[in-house]
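Just so it is clear, none of the values below were taken in a lab; they were calculated from the coordinates. Since the model is a prediction, treat every value here as computed from it, not as a measurement. Every residue, glycine as well, gets a Cβ built from its backbone with ideal geometry; the counts of neighbours run over all protein chains shown.
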Amino acid sequence: MSIRWIFPVLMVALACGCTSLIVSPRDGELVSGTEALVPVTIQLSWPSGGLGMGPVVEVDGKRVPRSALAFTSSGVSTTVNLAPGSHWVRARTAQLCWICIGGIGEFDYTRRFFVTTSSAAVSLTVTPTLLASSDPAL
C-alpha cells in the first residue's frame with residue numbers, strides 16, 4: 001500500500017484551511033488617473049468569509065482611520081488620493097482558521113504599487129502685441 005497520496009491531500013487541506021486575504025492594488029500594479037492626486041481604491045477581500053479581527057490598513061506608513069473603511073460581508077475598501085510615484089499598502093488582520101493554533105490565523109501583507117497621472121500638459125502661449133503710447137516722444 002502506497003502512502004504517496006497523503007502528501008498532496010495534506011497540502012490541499014492546508015491550503016483550504018484558512019481564509020485567504022486578497023489585497024488590491026496588487027504588487028507592482030500601475031494605477032493611473034487624470035488628476036494631480038489620483039484616487040486609488042484600496043480593497044481587502046476574504047472571499048471565504050471569516051473576518052476575525054481588524055483589519056488595520058496603512059498607506060505609505062499612515063494608518064487609514066477605521067471610519068474611512070467601508071465594510072461588506074466579503075471585505076473592506078477605502079479610497080485615498082495619492083500623488084504620482086511609488087506607494088505601498090499594508091494590511092493586517094486576524095481571521096478564523098481551523099488549522100491554526102488557537103483557531104486564528106494572522107495576516108500581514110505589504111504591497112508596493114505605482115501611481116501615474118495622464119493629465120493634459122498645460123501650455124502657455126505668449127503673443128506679442130503693440131501697445132499705443134500717449135507720449136509723443138515715443
Fill in the blank from the handout: Counting only residues 5 or more apart in sequence or on a different chain, those whose built amide H sits under 5 Å from that of Glu29 are Phe114
Practice task
With r as the distance between the Cβ atoms of Ala83 and Glu106 and R0 = 25 Å, compute the FRET efficiency 1/(1 + (r/R0)^6) and round to 0.05.
Solution key: 0.20
Exercise for the section: Work through the residues other than Asp60 whose Cβ is under 11 Å from its Cβ and net out their charges, Lys, Arg +1 and Asp, Glu -1. Expected result: +3
